[in-house]
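Following: one structure in structure tokens, then a few remarks.
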Amino acid sequence: LRRAINQGVFAAATDNSRPVLTGVHFGIKGSQLRLAAADGFRLAVHTMDLEDAPAEREAIVPARALGELARMLAEVDEPLEMRFNAVGTQVLFDLGHATLSATLLQGTFPNYDQLIPSSHATRTEIAVAEFMRETRIASIFARDGSGIVRLVATPGEEGAPGRLLITARAEELGNNEGELDALVDGEEAKIAFNSRYLTEVLQVLDADRVAVETSSPSSPGVLRPVGDDRYTHVVMPMFVQW
């Protein structure tokens, strides 16, 4: 649960213009729990298995409360118990040595399944550590350019590895370019993201490699840890001149 929280809570909204988006949606169905958070620009979804799952239930838990729960879980190895009150206004997390209760947010969470692209034209697989390093460098240059980082994925030829070009521009510092070896399946792809959104998702991935799935410069991009189908992260693109 701690991993699921850490991989989603940062994607929740921080302003109250849409209160339900300041929380994380808990969806219990069968023996699985899906946590989803979104702020209008990105969406994080983590699926995990439950023990002794209750009947189907939906709830929106404040992101701040879950952030505190994640800190408490750092000291716990045993399973916790999650209970909802009869009228569906409160949730209690029982860690054994401590408990945390939170008032649930009322409202309708967006149907986020329809926001996850069902197909892609290009899949680019790269090492997380290298991608993070180049994105952080690019973000320094991107500060003067609305935080925009451009990605260009090019397939390899005749068995050679493909490449991912990461660029950013700054009026005073100039341009920055970083290039990584990549496994590129599909056609050449171009897309631009907010550098902070990229950095925040890369630093919570519990995997050595990540796949970036894209369809067009104006369509959402999807990041998935390679070898782990429990986590999906969708990021809206930035519109730029190529």
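Read-outs: derived from the displayed coordinates by stated rules, not from any lab. Just so we're clear, the structure is a prediction, and the values are computed from it rather than from any experiment. For neighbour counting, all protein chains shown are included, and Cβ atoms are generated from backbone atoms with ideal geometry for every residue, glycine included.
For the stretch 1-28 versus the stretch 210-242, the inter-centroid distance based on Cα atoms is 19 Å. Between rounded, prolate and oblate, where does the stretch 91-141 land on the alpha carbon gyration tensor, with a ≥ b ≥ c its root eigenvalues, rounded for a/c under 1.5, else prolate if a/b exceeds b/c? In terms of gyration-tensor shape, oblate.
Would the chain count as rounded, prolate or oblate if I go by the C-alpha gyration tensor, calling it rounded below 1.5 in a/c and otherwise prolate when a/b exceeds b/c, oblate otherwise? Prolate is the answer for the chain, as a/c is 1.5 or above and a/b outweighs b/c.
Each residue, Val240 and Ile116, gets one label point 7 Å from its Cα in the Cβ direction; the gap between the two is 2.8 nm. Computed over the chain with a Gaussian network model linking Cα atoms closer than 10 Å, the most mobile of Ala182, Ala168, Ala160 is Ala160.
Among Arg136, Arg71, Arg123, the residue with the largest mean-square fluctuation in a Gaussian network model of the chain, with springs joining Cα atoms closer than 10 Å, is Arg71. For Val226, the residues whose amide H sits under 5 Å from its own are Arg209, Val210, Ala211, ignoring neighbours fewer than 5 places away on the same chain, with H placed 1.01 Å from N.
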